[in-house]
Amino acid sequence: MSTLKTLIFTTTLLILTLSSVALSRPEAIDSLLNRLDSKRASSSDQESAAKAVLKRLLPSHVHSFLFKIVSKDVCGGHSCFLINDYYKESSGNGPEISIKGTTAVEIASGLHWYLKYWCGAHVSWDKTGGVQIASIPKPGSLPRVKDKGVMIQRPVPWNYYQNVVTSSYSYVWWNWERWEKELDWMALQGINLPLAFTGQEAIWQKVFMNLNSTTEDLNDFFGGPAFLAWARMGNLHGWGGPLSQNWLDQQLCLQKQILSRMLELGMTPVLPSFSGNVPAALKKIFPSANITRLGDWNTVDKNPRWCCTYLLNPSDPLFVEIGEAFIRQQVKEYGDVTDIYNCDTFNENSPPTSDPAYISSLGAAVYKAMSRGDKDAVWLMQGWLFYSDTAFWKPPQMQALLHSVPFGKMIVLDLFAEAKPIWKNSSQFYGTPYVWCLLHNFGGNIEMYGILDAISSGPVDARLSENSTMVGVGMCMEGIEHNPVVYELMSEMAFRSGKPQVLEWLKTYSHRRYGKAVRQVVAAWDILYRTVYNCTDGIADHNTDFIVKFPDWDPSLNSGSNISQQDNMRIHLTSSGTRRFLFQEKSSDFPEAHLWYSTKEVIQALWLFLDAGNDFVGSLTYRYDLVDLTRQVLSKLANQVYRDAMIAFRRKDARALNLHGQKFLQIIKDIDVLLASDDNFLLGTWLESAKKLAVDPNDMKLYEWNARTQVTMWYDTTKTNQSQLHDYANKFWSGLLEDYYLPRASTYFGHLMKSLEENKNFKLTEWRKEWIAFSNKWQADTKIYPVKAKGDALAIAKALYRKYFG
């Protein structure tokens, strides 16, 4: 682009931006907030919704609290909650504590704050131990707040929640009962801007059928239940399908329940919008439309049955027509529930040219499609592309996209701000409002990991930075129900204007979580803070422990090149957009699992946890953390044992290979027994929840295959090549270790032993054939797995500690 052309474009863009923004930056956001406030449920409905949250959480205390919605004027123009003693004229039953808030979410957050910091209670997901409410005094004896009470303001307006793939990795098999619990949890954590993606395929069905698409066309377009997130993003089509009409209708009904409850609680749902992903049939229906076929996304051999989806160019008039139709169809189904819509057209697919003028025109077209359907639409966009594809998104290109819509009409999610913040290197997204987000988890993997110091300081530093445009905090994990300490701290940052002292915060956290303070546990958490929850190496944590992410390679000398890209284990984020592919910076020809702390210190933390076990008999929160920590320690031990086995193979030491191989297999068996002792680490729960959604045998078979496939092979295979995404969504679940990970490792070590015994080369292809055939059979199997725990977790953990570290 010539200097003159650049100057003309920049000047034109500046004029367009200035002319389209009648309001200043603070006024634009305030105007949006006021407009969203007008869509909320009535004060009485919100107060009732907050009361219902209390009744489900603490039915014995339903009369102990008085809830009231107040205006932002009471809070100095901000969202807030106020906690006060309730003074009554006579003694007896009745309210003891008054909690006021600007919405039901603020009231629920105030309730949670009071229960935590006055009653020593704790609330986490059921699958991470659930609640600890035994410490809450009986009605009539609740602790007094004293003085003038407490007012907690939000330092930024929004607390965002979810990733576009969380719906597949975590929520896919949920019914309304489970969703109701999640919405309660969200309200208690102060979440007021949640993604609401459930059921959108039923909306797309109506939109595309109005454009003369057929059921067969859409069967090829939609993915299966466990893979819908990637079909929505245009990564794949048809994989895991077809979706039945039962599924479409059921999910639409569920979405209406979800949205209704979000509105009752005073939340602002974020709905999907059109990103350009269209069925293949539209190319025939609209032959003159600018529709291009995309390249392959992680299939083994570019199989067109699953890969290479179709993208409608935003510059085509049909783009606006479809985008408008989709939003209007949502309004018809749900009512006027929001003005905020998610769209990530450029996250996976870079524009065909880097010309800023062209990029600006594309951005304007995307927004035009939204605003035609909702004149007040605001575009919520993941900022991942600016990190993942820095070669394309230079400052001129970033500014062109970010400034392609009027100010206040776009909000960016700084998706991975705890480790890779974009706001610092982009002049606050060049003046565009953004949300500071925690990404933390990939694939719903189970691993103790976090960066607590970054969580406690990052949002504060961003908000107080010069010319800050930060308007919220958020949690954008790919999967939930793990590492409860990370998500409790992150949720609190929505209400903290300063930086908490993490070590002191952890002391109160462990006290609340277990219901009492015990010296050994306090010391253990001190270690975990300095080790497991202090990952500062810049590597995103996708669990690559060898038990669950078994290397697919030939360990013979000088065969390092045989390690597939997916099995190079030390992970750095690369330029693959929403694929979130993770690869190693090669330090040796051995695969390496991610390790960022001293295993010796964490073993000491486990010993301290075990030593305190008798103080926590019956505590589900303690049991979960004990099982998780023991699993973590043994899994890291298995990584070293695996490496020892590979060294023995290279030395052609069959005896040592057998010794280490058998130890690796025994650790898998032992971890499976450990996980079976806690209800929250069971494969059966995942599979049974999938089957319960089915209304006929065909759906049941399809859903179970989807559930089994996502957590194992994930995507397509050939007879001799595993899926490129195998083990991406790996899980430490009892049943999965015993029946899937164990046979895989066993057959692999068997082939290695045979190689040494026969003095022949290791036959990697033969192992792959055997393993892929086994996996395909397991994915299609219908074996029933337990959904209830068995065994004494503390006794099992103690025995395993003595066995391996005694």
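Some observations on this one:
- The chain, relative contact order in percent, only Cα pairs under 8 angstrom and at least six apart counted: 12 percent
- Straightening the chain between residue 596 and residue 427 buys 57.7 nm, computed as 0.36 nm per residue apart minus the Cα-Cα spacing.
- Whether the chain is rounded, prolate or oblate, judged on the alpha carbon gyration tensor where a/c under 1.5 counts as rounded: oblate
- Loop-located GluC sites (Glu not before Pro) in region 86-180 (DSSP state not H, G, I, E or B) with no more than 10 neighbouring Cβ atoms inside 10 Å: 89.
- Between residue 557 and residue 718, the contour length at 0.36 nm per residue exceeds the alpha carbon distance by 55.3 nm.
- Taking every DSSP beta bridge that has both ends in the chain, the antiparallel portion is near 40%.
- Projected label distance in nm at residue 519 and residue 663, using a 7 Å step from Cα toward the beta-carbon: 3.4 nm
- Extension gain (nm, one decimal) between residue 315 and residue 607, 0.36 nm per residue minus Cα-Cα: 98.9 nm
- Furthest towards positive pole of dipole, 618, 538, 441, structure part the chain, Cβ charges: 618
- Most positive-pole-ward Cα, 373, 725, 685, against dipole of the chain from beta carbon charges: 685
- Take the Cβ atoms of residue 754 and residue 464, set R0 to 60 Å, and the FRET efficiency comes out at 0.45.
- Region 657-762 shape via C-alpha gyration tensor axes, a/c threshold 1.5: oblate
- Too-long pairs where the Cα-Cα distance tops 26 Å, listed order kept, from 116/146; 636/769; 302/692; 127/516; 39/181; 181/783: 636/769; 302/692; 181/783
- Accessible surface of the chain, 1.4 Å probe: 52 percent of it comes from carbon and sulfur atoms.
- Only Lys, Arg (+1) and Asp, Glu (-1) charged, at Cβ; the chain dipole about Cα centre in debye: 780 debye
- In the full protein context, region 382-467 carries 27 Å² of accessible surface per residue, based on a 1.4 Å probe and ignoring ligands, DNA and RNA.
- The phi torsions of region 70-81, fed into the Karplus equation with coefficients 6.51, -1.76 and 1.60 and a -60° offset, translate into couplings of 10, 7, 5, 4, 5, 9, x, x, 10, 7, 7, 10 Hz, rounded to whole numbers, with Gly and Pro shown as x.
- Surface accessible to a 1.4 Å probe, residue 179 within the full protein complex, Å²: 10 Å²
- Simple spin-label estimate for residue 175 and residue 33 in nanometres, 7 Å along Cα-Cβ: 4.1 nm
- Think of the chain as having a plus end and a minus end, set by charges on the Cβ of Lys, Arg, Asp and Glu; of 501, 29, 165, 501 sits farthest toward the positive end of this dipole.
- Overall form of region 205-244 per C-alpha gyration tensor (a/c, 1.5; a/b vs b/c): prolate
- Taking every DSSP helix (H) stretch of at least 4 residues in the chain, weighting each as -39,500 (n - 2.57) and dividing the sum by the residue count yields a mean residue ellipticity at 222 nm of -14000 deg cm²/dmol.
- Checking the cross-link pairs 88/148; 51/499; 256/731 against a 22 Å limit on the alpha carbon distance flags 51/499; 256/731 as lying beyond it.
- Net charge over other residues, Cβ less than 13 angstrom from the Cβ of residue 510 (K, R count +1; D, E count -1): +1
- Around the amide H of residue 340, modelled in the peptide plane, lie the amide H atoms of 271, 378, all under 5 Å away and 5 or more residues distant in sequence or on another chain.
- Computed from the C-beta positions of residue 56 and residue 331 and an R0 of 35 Å, the FRET efficiency is 0.70 to the nearest 0.05.
- Distance from region 652-687 to region 701-775 (C-alpha centre basis), Å: 15 Å
The values are calculated or read from the model by the stated rules, or taken from the named source; none is laboratory data. As the structure is a prediction and not an experimental result, all values here were calculated from the model. Glycine gets a Cβ as well: all are built from the backbone with ideal geometry, and neighbour counts include every protein chain shown. The protein model used for the area step is the full one, side chains on, heavy atoms only, and it has no ligands, DNA or RNA in it. Shrake-Rupley method; radii C 1.70, N 1.55, O 1.52, S 1.80 Å.
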